[in-house]
Amino acid sequence: MAAQKIISGLCAAALALAAGTCAAANIQTFSPQGEIRTVRQVAARFSESMVKFGDKNAPHPFTISCSEPGHGRWIDDRNWVYDFERDLGPGTRCSFKLKAEAKPLAGGAITGKSEFVFNTGGPAVLNTQPYTGSEAIDEEQAFLLYLNGPAHLPGVREHAYCVAEGVGERIASTSSKARRAQSCSRRCTAKRKRQRPPADRQVPAAPAIRRQRHRDVGQGIETAGADASRRVATSKDQPLKFRVRPEFRVSFTCVRENAQAPCRRTSRCAWSSPATWRAMWPTASA
């Protein structure tokens with residue numbers, strides 16, 4: 001009799017443990033989450049088998065809200081992925097919510113977190129003209145910034161700024177009109193023959209910066225769009241460092257027989273950096 005009670009107790013404990021295992025099914029991992037700049041695939045792993053292995057017609061476990069198209073598939077009985085048709089651009093928000101009817105094969109509910117959200121962040125600088133790190137920029141240098149997507153220009157004017165050595169406050173920058181920036185971009189490209197980003201990803205912005213500084217594209221710059229609620233802002237500053245060229249100097253030397261004697265016909269004029277004749281003497285004829 002005592003043995004039967006022990007066996008019955010063990011069976012009850014085993015059933016309770018099995019029931020607890022079913023109830024404890026959850027999503028072990030889901031990526032990406034939060035802000036991530038480059039996204040091409042979403043992946044989720046469940047703690048229990050969700051579909052029969054090899055079942056190509058198994059239903060998708062998530063309700064998806066995203067502006068970019070893609071398709072989902074089961075890799076095996078626990079792992080599901082969603083592949084986008086292309087790399088997501090800046091300002092893309094996506095959410096994946098577990099469907100109510102999604103259940104493990106063994107039965108029971110899926111507990112824990114059931115909705116996952118990520119975004120690709122706001123605009124980022126991919127390339128600059130002059131190049132980042134240049135140590136010979138002009139005192140009144142204008143910059144072309146090539147972004148990874150369209151930016152909200154009022155936000156660029158508000159959040160892009162300069163920092164100068166010895167100046168304890170931020171110095172505001174200004175931006176030119178798109179037509180002028182594009183014209184400058186074409187001239188720079190034709191002159192330097194440098195490779196540029198794809199045409200659909202080029203958005204020069206905020207080109208006018210003054211004096212010796214390093215430039216910060218500050219957090220808060222948003223992606224372009226008429227609907228403010230759908231814009232995505234940058235969350236971190238992106239510093240771009242430059243250095244102004246050395247002070248321009250001109251020197252003149254000549255040969256004299258003594259300190260009071262006039263210069264001989266042979267004399268030498270030198271300057272510290274290259275300069276055109278017209279730049280040196282604007283009133284001189286060609």
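What follows is calculated from the coordinates using simple rules that are stated; it is not laboratory data. As the structure is a computational prediction, the values presented were derived from the model and not from experiment. Ideal geometry is used to build each Cβ from the backbone, glycine not excepted, and the neighbour counts take in all protein chains shown.
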Legend entry - Backbone HN-Hα couplings from phi across the stretch 81-96 [Karplus 6.51/-1.76/1.60, Hz, Gly and Pro as x]: 10, 10, 9, 7, 6, 8, 4, 6, x, x, x, 8, 10, 9, 10, 10
Inset, instruction - Please give every one of the aspartates and glutamates within straight-line cross-link reach of LYS236, meaning a C-alpha to C-alpha distance under 13 Å, and leave out same-chain neighbours fewer than 8 residues apart. - result: GLU35, ASP216, GLU222
Inset, instruction - Would you mind checking which residues have amide H under 5 Å from SER173's amide H? H placed 1.01 Å from N; only 5 or more apart, or other chain. - result: CYS162
Legend entry - Sequence-distant residues sharing a close amide H with ALA25 (under 5 Å, placed H): THR111
Legend entry - Highest-first arrangement of 49-57, 264-272, where packing means the average Cβ count within 10 Å: 49-57, 264-272
Legend entry - Projected label distance in nm at ALA58 and ARG40, using a 7 Å step from Cα toward the beta-carbon: 2.4 nm
Legend entry - Calculated FRET efficiency for the pair ALA100/THR174, C-beta based, R₀ 45 Å, to 0.05: 0.25
Legend entry - Karplus-derived HN-Hα couplings along the stretch 58-74 (A = 6.51, B = -1.76, C = 1.60, θ = phi - 60°), whole Hz, x at Gly and Pro: 4, x, 6, x, 10, 8, 10, 10, 7, 7, 9, x, x, 8, x, 7, 8
Inset, instruction - Name the aspartates and glutamates eligible as straight-distance cross-link partners of LYS113: C-alpha to C-alpha under 17 Å, and not fewer than 8 places from it in the same chain. - result: GLU48, GLU101
